[in-house]
Each structure stands twice: as structure tokens, then as C-alpha cells.
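These notes are about the structure you will find just below.
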Amino acid sequence: MGQHNKVRKAVLPVAGLGTRFLPATKVVPKEMLPVVDKPIIQYVVDEAIEAGIEHFVFVTGRNKHVIEDYFDIQYELESTLKARNKNAELSLLANMLPTAGTATFTRQQEPHGLGHAVWCAREIVGPEPFALILPDMVMEAEKPCLKGMMEVYEVAGGNVISVEECDPELAHKYGIVGIGDAVGNGFKITEMVEKPEKGTAPSNYFINGRYILQPEIFPILAETQRGAGNEIQLTDGMLELAQKQDFYGYKFDGQTFDCGSKEGFILANVALALKRDDIRPKVENELKALIAALK
Ligand code: G1P
């Protein structure tokens, strides 16, 4: 414990256009769409804070400035709330405000892929390990995913990737890893492939959007050629780094909602509403009635 450099920073790539959610995302970034009563981005920031992250690096794009506004003070709103004695709402807003100087925003000027988005954070991250969180993936678990990964990192060091099982029929949609020997709470990753051709995946464990990476990934990403989907793929960069450094996997134990898809987004709303004591009774009954009416 403790011999590995601390993971203090998290990179959140939020430059995507959200074309699957048009017209909802025409003026509102997809990361700001609400799941119950919080924007998607707040869930992943909360997960990172629980894992000890101190600094957030948002890789944004044009049209995404409301994400920056969201993590700032809203004077007009707050003075109105104060005048109306809305103290619960005021403290809610105060609690989610990052300490000044702990959120940094940089733009990915052109959409060249996830590997390129991560590379855009290199100057802000500097020479230290960092967490990478794909905000589309909203996770619900007793132990937050990134926290579990930190435990693997504390024992093993190196690079850590979170994975979970998928229907083998869907393996071609994700990055897939090969499973090696157990190491602490994790395992050694033996191979990685981005969006394997059907029938060629080394396992059905897919990369579910959480990474702890060493800074040596940055110079590699600067040189990584376009891969799957004609984009600069993070997985290709990681494959090269894996020739010099160890990669470990963490099997996430919980529920993941891919809010990049309509189905995942709807399910996140339903599942997280059902976990809320203030919302569950009404929603549960009405959902049952809606489903019964389908038959
Ligand atoms: C990215 C990664 C992929 C991972 C996926 C998880 O793909 O490249 O390895 O499995 O996120 O959502 P994308 O969803 O950007 O196609």
C-alpha cells in the first residue's frame, strides 16, 4: 500500500455531440440530461469524489459551456432561493459546488475519437496517474466502481480497467479484455481488443468506461493511428502501453446503465427512481399498471 503514486485527477471526456439523442441534445449536452433529478455528469463526479479524486479535467467541445456553468455559482438563482428561505435547496447547490480551482475545462477541437479526447488532457494531467471516466456509463453499486478500482491499484499499481460481462452477441460493440491470473481483488489482463469482429472476442468481459492510467499513455496517443470506426482509439493506445507496463482488470459488481443509448437512459431513470424512498411508492404502482395494460 502507498508505494504507488496517488490518483488525484480524473479526466471526463464530454465533447461528444450526442447525435443519438437529437433533438433533446440540440442545445443541451447529453451529459446534462437528467436521471431522476440530477444531470448524468453529477453521478460520475460523485462516484469519483467517493474514490478520492481531487481534480476534474473536463474535455469539452463547442456547445458544452453549460457544463462549465453547472459547476459554478449561479448568483441569480442562489439569491432568489435565499430571499425565499429555500435553505434545503441552497445547501444542495453548495454541497455540489467543486472547490475553486479543482475543475478544469479544455476543448477537443475536432472529434477524432476517445484516444484523441484523452490526449487533449495531457498538459493538465501532467506526469501523474489519472482516472478516466466515460460519463455515459452511470453506475449503481454498494462499492462505487472507481473506489473498487483504486483498491486494485493500491495493491498492483500499473494501469487498471474496469470490466463486466456482456451477452457474447454484443461483444463487437465494446472493448473486450482477456482474463489472466488473479491479483488482489483484480486480475491480470492478457489481451485487449476494440470492437472485435463477431465470433473473435477473447472473452465476454467488456470495458465499461472506467480506467486508471499512467501518464505514459499520452505520448503513445500522440502517435496512435486511426483504428476501429476510423477514430483514434484509446484501446489501441493502451495495447501499446501494455507492452511496457502491466494492465489489471477489476470486475465491477453492480449495475451499469449506458446512458449513451435511449434504452439505458430510460432504465437508469426507472431503476434509480425505484431506489428513492420519496419517489418509489407512486412510480412502482404506476409502472406496474402501465406494464399490466400492455398485456
Ligand atoms: C468506448 C471504448 C470501449 C468501451 C466503451 C464503453 O467505446 O472505446 O472500449 O467498451 O467506450 O462504453 P464507445 O462507446 O466510445 O464506442
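The values are calculated or read from the model by the stated rules, or taken from the named source; none is laboratory data. Quick caveat, the model's predicted, so the values are computed rather than measured. Cβ sites come from the backbone with ideal geometry, for glycine too, and all protein chains shown count toward neighbours. Protein only, heavy atoms only, side chains kept; ligands, DNA and RNA dropped before computing areas. Shrake-Rupley method; radii C 1.70, N 1.55, O 1.52, S 1.80 Å.
The eigenvalues of the Cα gyration tensor, multiplied by 5 and square-rooted, give region 1-98 an equivalent ellipsoid with semi-axes of 25, 22, 11 Å from largest to smallest.
Normalised size of region 131-179, defined as Cα radius of gyration per 2.2 N^0.38 Å with N residues, equals 1.27.
Of the GluC sites (Glu not before Pro) found in region 162-247, the ones in coil according to DSSP and having at most 13 other Cβ atoms within 10 Å of their Cβ are Glu197. The accessible surface of the chain, taken with every protein chain in place and a 1.4 Å probe, is 51 percent carbon and sulfur.
Rolling a 1.4 Å probe over the heavy atoms of the protein chains gives the chain an accessible area of 53 Å² per residue.
Computed as a quarter of the hull surface, the mean projected area of the alpha carbon convex hull for region 167-257 stands at 6.5 nm². In a DSSP loop and with at most 14 other Cβ atoms within 10 Å, the trypsin sites (Lys or Arg not before Pro) in region 1-41 are Lys6, Lys26.
The C-alpha atoms of the chain define a longest principal axis, and helix 262-274 lies at about 60 degrees to it.
How far, in degrees from 0 to 90, does helix 87-96 lean away from the longest principal axis of the Cα atoms of the chain, to the nearest 10? That helix lies at roughly 10 degrees to the long axis. DSSP finds beta bridges in the chain, and of those with both partners inside it, around 60 percent are antiparallel. For the chain, the residue among Ile291, Ile40, Gly52 whose Cα projects farthest onto the positive side of the dipole built from Cβ charges is Ile291.
The charge dipole of the chain, taken about the Cα centre with unit charges on the Cβ atoms of Lys, Arg (+1) and Asp, Glu (-1), comes to about 680 debye, rounded to the nearest 20.
Straight-line cross-link partners of Lys38 among the lysines, defined as a Cα under 23 Å from its Cα and at least 8 positions apart when in the same chain: Lys9, Lys26, Lys30, Lys64, Lys82, Lys86, Lys143, Lys147, Lys262, Lys275, Lys282. Per-residue Karplus couplings for region 107-117, computed as 6.51 cos²θ - 1.76 cosθ + 1.60 with θ equal to phi - 60°, are listed in order as 9, 8, 5, 9, x, 9, x, 5, x, 5, 4 Hz, Gly and Pro entered as x.
State the percent of C-alpha pairs, over all pairs in the chain, separated by a distance greater than 24 angstrom. So the pairs more than 24 Å apart make up 54 percent of the total in the chain.
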